[in-house]
Amino acid sequence: MSAASEIKTDIPARMDRLPFSRFHMQVVAALGITWVPDGLEVTIVGSVGPVLQDKSTLSLTAEQLGAVASCYVIGAVSGALVFGWLTDRFGRRPVFNVTLGSILPAFCSPPSAGTAGASRYSAC
């Protein structure tokens, strides 16, 4: 980047001088609330692994469990990148409505014979 195209700003210094207000507490609370499900998801994925290796369930090997965990991480990262880009391009509300509209029919549809256990988690 050349010196002619650099942007000089005093915004960070001005933000540092702002008093800590109720708005800041709301932002901290909102971030904390959103971090809880994220941590819960990681905990659930970590605790399900040994169950999947049990002989009475899927009896996955360590390699298969590693592949499943890798697919989980790849899906989370690619989903964040794709939906982050879509949100930047089209806005948060339309992308949320599209994802909600595509997920709700799956949750509200009657379970087939192969997914009878999943009907317990259906909210509809």
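The values are calculated or read from the model by the stated rules, or taken from the named source; none is laboratory data. Keep in mind it's a predicted model, so treat the numbers as computed, not measured. Don't worry about glycine lacking a Cβ; one is built from the backbone with ideal geometry, like all the others, and counts go over all protein chains shown.
A few comments on the model shown:
- The set of residues in segment 53-66 being hydrophobic (A, V, I, L, M, F, W, C) and surrounded by fewer than 12 Cβ atoms within 10 Å (Cβ to Cβ) consists of ALA62 alone.
- You will find that of ALA123, ALA80, the residue that is among the small types (Gly, Ala, Ser) and at pLDDT below 85 is ALA123 and no other.
- Residue in segment 25-44 that is without any contact (Cβ under 8 Å) to a residue 60 or more places away in the chain and touching a helix residue (DSSP H, G or I) at 6+ places or on another chain (Cβ under 6 Å) present: no
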